[in-house]
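The values are calculated or read from the model by the stated rules, or taken from the named source; none is laboratory data. Predicted model only: the values in this text are computed from it and were never measured. We place every Cβ from the backbone using ideal geometry, glycine too, and count neighbours over all the protein chains shown. Note: accessible area is taken over every heavy atom of the protein model, side chains too, but ligands, DNA and RNA are not part of it. Shrake-Rupley method; radii C 1.70, N 1.55, O 1.52, S 1.80 Å.
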Amino acid sequence: KIELYVEELELNQILQHNVHNMKPFAESKSMSIKFDETGDAAMVYCDLVRMNQVFYNVLSNAVKFSTPHTEVRVKIDTPYSSEFIKVAITNKGPGIPENQNDKVFNEFETIENMRTHHKGTGLGMPICKKIMEHLGGKIYFESVENEETTFFIQIPTQKVLLPEVYRIRPDSVDFAA
């Protein structure tokens, strides 16, 4: 069960925060992260704590699975429709083999060849998928083996959920994102 506090928030600010927080990790892996910021205020409906959780997981995976001395790119894509804005996070690296695509969002599964190089429970991406579904959005990817992988995170720009989730998170609740 996920308790949501969905507000209308500015997407550029959320992405700036997450990219800034991920830069030291990227630098420790001889990587860089570049956010192609849009000049427009991209307003979305999301739970800030949960959205930060999704971005943290996708960005950290992008860094972990990148070839050293490459760049992870973050950009706001052209809106999927008037109801969604799409964020694209792209890394250069081994990619995801086509025969392993169905495992990415399965709980406790890791992709062959990657499980020996990167420790993990296999829960990060399944949790991201559930969070995005609960927010009325979507997460999916495209990958070219031995080239690059792009994860797309589709976030609602309109109220698409039950009215009771549109509320401000109480100040008394302190969540580190």
Starting with the highest mean, order 152-163, 53-64 by the number of other Cβ atoms within 10 Å, averaged over the residues of each peptide. 53-64, 152-163
With every protein chain present, what is the per residue accessible area of the chain (1.4 Å probe, Å²)? 56
Out of the total accessible area of the chain (probe 1.4 Å, heavy atoms of protein only), what percent is carbon and sulfur? 49
Cα-based helix-to-principal-axis angle, 124-134 vs the chain, degrees rounded to 10: 30
Go through region 1-64 and name the GluC sites (Glu not before Pro) that are in a DSSP coil and have 16 or fewer other Cβ atoms within 10 Å of their Cβ. Glu3, Glu37
Acute angle (nearest 10 degrees) that the helix 11-28 long axis makes with the longest principal axis of the chain, alpha-carbon atoms: 30
In degrees, nearest ten, helix 48-64 long axis to first principal axis of the chain (Cα): 10
Need the full-extension length gain, Phe105 to Arg167, defined as separation in residues times 0.36 nm minus the C-alpha distance. One decimal, nm. 19.4 nm
Compute the signed sum of charges (Lys and Arg +1, Asp and Glu -1) over the other residues within less than 11 Å, Cβ to Cβ, of Thr90. -2
